[in-house]
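Trainee: Structure in structure tokens, see below.
The values are calculated or read from the model by the stated rules, or taken from the named source; none is laboratory data. Computed from a prediction, not measured in an experiment: that's the story for all the values here. Counting neighbours? That spans all protein chains shown, and the Cβs are built from the backbone with ideal geometry, glycine included.
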């Protein structure tokens, strides 16, 4: 082999010629085919791959839609609901894929996050991997919010007005931040232009952080439902073909769900007021964000003080950064933690209830439930995680990943493989 050429085992001469000079095919093969994955992944491990696919679809459809969108307050509404929907070939399809894709993106990412919380994927040595995931979530929220403003309907305009006004609660610099965000003294054409530019730019920033997220994953290795590290080759299998087939099946089911919304209920997850052109002189009776922001919206309105509400709103997401240090248990997987498991499922219920409260007027029962479950939301992270980890006695952990897999499959047990009692954490 000539000096300076990399070793390549590919048979195809064209691929081998490229790979010898730029070994990208070898890298992909090692990272996504030979990558040793734990043999006990369940279908909750599909959602990371699904999120990457949705991100690619959102970028592709967004690029095409941006070619026909007019970032001007006088033209934006008609360009979305008129030109794109009626004049652009398959524009209606691209718009519905993109609009519902935002909901699908948050759906799979939320499940991905809750899976990580349940199985302890944030614990040593995966703390940075988890934190990069939280950065992705924050970028997604910013991107989705700015994208929601672009149709320039009533809900778009007033959601932008309400949310950007929250920064005015920050002492001293708040008013300046709001003026800077608006590009003036009200939500108007400069605001729309800024949001359009950032909505186009941030997805590519997300791609960059996703690259770091995947790189960190392949360095530390994947977690698994048992929450124990692989003990050797007997506990792992190559990612391809085993998990590529599993991911493909999961993708097929997911695409059916996405297609149901695109073709049969394209506006179900939206708001009817957004089909009314933005009017600064008419305030909608009930300003509601998209469903994936509703729990955080309920937290914002749970307290009467504006500044405290803003602190709780941002704190509800930023607290995820320190979860690896709040959980004091040495056991990763919640399936071995009988007491913590009840608190975890109550946490899931609290998030769902907060989502419902965010869709209701901030009065009466919804307001009371918002206050109760906001208290539990923060109590789960700041009180329950640290204390339960110190006093809970976990169930015995298996010695290896292979042990329960072989037991469930009826295969022979490795010699001397018995459950190892776990010391009190």
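Trainee: If you check residue 12 against the conditions, is it in contact (Cβ under 8 Å) with a residue 24 or more places away in the chain, out of contact with any strand residue (DSSP E or B) (no Cβ under 7 Å at 6 or more places or on another chain) and either surrounded by fewer than 18 Cβ atoms within 10 Å (Cβ to Cβ) or within 25 Å of residue 248 (Cβ to Cβ) (or both)?
Mentor: Against the criterion (in contact (Cβ under 8 Å) with a residue 24 or more places away in the chain, out of contact with any strand residue (DSSP E or B) (no Cβ under 7 Å at 6 or more places or on another chain) and either surrounded by fewer than 18 Cβ atoms within 10 Å (Cβ to Cβ) or within 25 Å of residue 248 (Cβ to Cβ) (or both)), residue 12 does not qualify.
Trainee: Give the range 286-319 a look and list any residue that's assigned to a loop (DSSP other than H, G, I, E, B) and either free of Cβ contacts under 8 Å to residues at least 40 places away in the same chain or within 21 Å of residue 347 (Cβ to Cβ) (or both), or say none.
Mentor: Those that are assigned to a loop (DSSP other than H, G, I, E, B) and either free of Cβ contacts under 8 Å to residues at least 40 places away in the same chain or within 21 Å of residue 347 (Cβ to Cβ) (or both): 302, 303, 304, 305.
Trainee: Right, next: Could you figure out which of (1) outside any helix (DSSP H, G or I); (2) surrounded by 16 or more Cβ atoms within 10 Å (Cβ to Cβ) isn't true of residue 282?
Mentor: For residue 282, the failing item is (2).
Trainee: Taking into account only those residues within the range 3-41 that are in a loop (DSSP other than H, G, I, E, B) and within 21 Å of residue 243 (Cβ to Cβ), which is nearest to the chain's Cα centre (by Cα)?
Mentor: Checking each candidate, the answer is 41.
Trainee: Residue under question is residue 204, and the condition is that it be surrounded by fewer than 14 Cβ atoms within 10 Å (Cβ to Cβ) and either touching a residue at least 40 places away in the same chain (Cβ under 8 Å) or in a helix (DSSP H, G or I) (or both); does it hold?
Mentor: So residue 204 passes the test.
Trainee: Could you check how many residues of the range 154-193 are part of a loop (DSSP other than H, G, I, E, B), more than 22 Å from residue 286 (Cα to Cα) and either in contact (Cβ under 8 Å) with a residue 40 or more places away in the chain or in contact with a helix residue (DSSP H, G or I) (Cβ under 9 Å, 6 or more places away or on another chain) (or both)?
Mentor: Result for the range 154-193: 6.
Trainee: Does residue 330 satisfy the criteria of being at pLDDT below 95 and on the phi < 0 side of the Ramachandran plot?
Mentor: When the stated conditions are applied, residue 330 passes them.
Trainee: Another one. For the subset of the range 76-112 comprising residues that are under 21 Å from residue 41 (Cα atoms) and out of contact with any helix residue (DSSP H, G or I) (no Cβ under 7 Å at 6 or more places or on another chain), which member is surrounded by the fewest Cβ atoms within 10 Å (Cβ to Cβ)?
Mentor: The selected residue is 110.
Trainee: Now for a different question. Go through (1) touching a strand residue (DSSP E or B) at 6+ places or on another chain (Cβ under 9 Å); (2) surrounded by fewer than 20 Cβ atoms within 10 Å (Cβ to Cβ) and name the single condition residue 328 misses.
Mentor: (1)
Trainee: Just give me the residues in the range 267-279 being in a helix (DSSP H, G or I) and either out of contact with any strand residue (DSSP E or B) (no Cβ under 9 Å at 6 or more places or on another chain) or over 18 Å from residue 151 (Cα atoms) (or both), in sequence order.
Mentor: If the condition is that a residue be in a helix (DSSP H, G or I) and either out of contact with any strand residue (DSSP E or B) (no Cβ under 9 Å at 6 or more places or on another chain) or over 18 Å from residue 151 (Cα atoms) (or both), then 272 is the only one that fits.
Trainee: From 389, 355, grab the single residue that is in a helix (DSSP H, G or I), in contact with a helix residue (DSSP H, G or I) (Cβ under 9 Å, 6 or more places away or on another chain), buried (at least 16 other Cβ atoms within 10 Å of the Cβ) and modelled with pLDDT of 95 or more.
Mentor: Only one candidate passes the filter, namely 355.
Quick grid of which residues meet (1) surrounded by fewer than 17 Cβ atoms within 10 Å (Cβ to Cβ); (2) in contact with a helix residue (DSSP H, G or I) (Cβ under 8 Å, 6 or more places away or on another chain):
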site	(1), (2)
336	no, no
351	no, yes
365	yes, no
376	no, yes
